[in-house]
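*Asks:* Before anything else, here's the structure in question.
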Amino acid sequence: MNYFQNTDTMEEGYIKFHCNWKKGRTLSASTLESIGWGRQQMYDRRLIGAYNNGIGYGNISERLSGDKFVISGSATGGLKKLEATHYSVVEKIDIENNRVWCNGPIKASSESMSHAVIYQNCPEVNAIVHIHDLELWKSMVHKIPTTHASITYGTPEMANEIIRLLKETNARQHTGYFTMAGHEEGLIAFGNNMEHAINRIICLVDCLF
């Protein structure tokens, strides 16, 4: 495969890793049905979206086969509805060298490496949702499994920290979610299918509000 390398490092809502991207075909409507449904659920609740400055937040993914997964593309958070052209397939990652290989009509989300390590370490997980909500984050940070405050999102350090959480806390076996102390508003939930992951988010929100 021929990939187009992008080594730019940017801020929230944009590529932060070294991205080896092959511009490829869109996935079928049937393949994207459940991730599209889940993404709309989160957007309608403003848990995925964009700030007033236009910078998007939140992302969503679903396992395809093995460790390959489809994820919402970079800078798509503010779009009211995603089309097939707004998703990318992450094929592999290299944490040590901060590199992601993706294939599709758009570059993969800046959180792709964080999603990838969950799929790699949790074979039972088939869907992951990363949302933003300040009040929910404040109520959950350090009360549920939480990444260290010194670690920023979308980095190799965050990927390794997530691996640590999965091994050393109850995030995997019991709760199915964790917060990121160094990523204000950020919370990740995962489940054995898309509905499971989405329902975990909804239950957290309903319990708070």
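The values are calculated or read from the model by the stated rules, or taken from the named source; none is laboratory data. From a predicted model like this one, the values you see are computed outputs, not experimental measurements. FYI the Cβ positions are ideal-geometry reconstructions off the backbone, even for glycines, and counts take in every protein chain you see.
*Asks:* Quick one: which residue in Gly66, Gly56 is modelled with pLDDT of 85 or more, of a type outside the set (A, V, I, L, M) and farther than 20 Å from Ile95 by Cα? Show your work before the answer.
*Replies:* Working: Gly66 fails: farther than 20 Å from Ile95 by Cα.
Only one candidate qualifies: Gly56.
*Asks:* Of all residues in the range 192-209, which are surrounded by fewer than 22 Cβ atoms within 10 Å (Cβ to Cβ) and closer than 16 Å to Tyr119 by Cβ?
*Replies:* Selection gives Asn192, Asn193, His196.
*Asks:* If I ask for residues that are within 15 Å of Pro123 (Cα to Cα) and either buried (at least 16 other Cβ atoms within 10 Å of the Cβ) or hydrophobic (A, V, I, L, M, F, W, C) (or both), which ones from the range 171-188 would you list?
*Replies:* Ala171, Arg172, Gly176
*Asks:* Something else: May I ask you to list the residues in the range 148-159 that are modelled with pLDDT of 90 or more and either exposed (fewer than 15 other Cβ atoms within 10 Å of the Cβ) or touching a Phe, Trp or Tyr at 6+ places or on another chain (Cβ under 7 Å) (or both)?
*Replies:* His148, Ala149, Ser150
*Asks:* Give all pairs with beta carbons closer than 9 Å in which a residue from the range 101-127 that is on the phi > 0 side of the Ramachandran plot meets a residue that is in a helix (DSSP H, G or I); count only pairs at least 6 apart in sequence or on separate chains.
*Replies:* Gly104/Thr85
*Asks:* Another question, then. Of the conditions (1) of a type in the set (A, V, I, L, M); (2) more than 21 Å from Lys68 (Cα to Cα); (3) in contact with a Cys (Cβ under 8 Å, 6 or more places away or on another chain), Leu166 fails just one. Which one is it?
*Replies:* For Leu166, the exception is condition (2).
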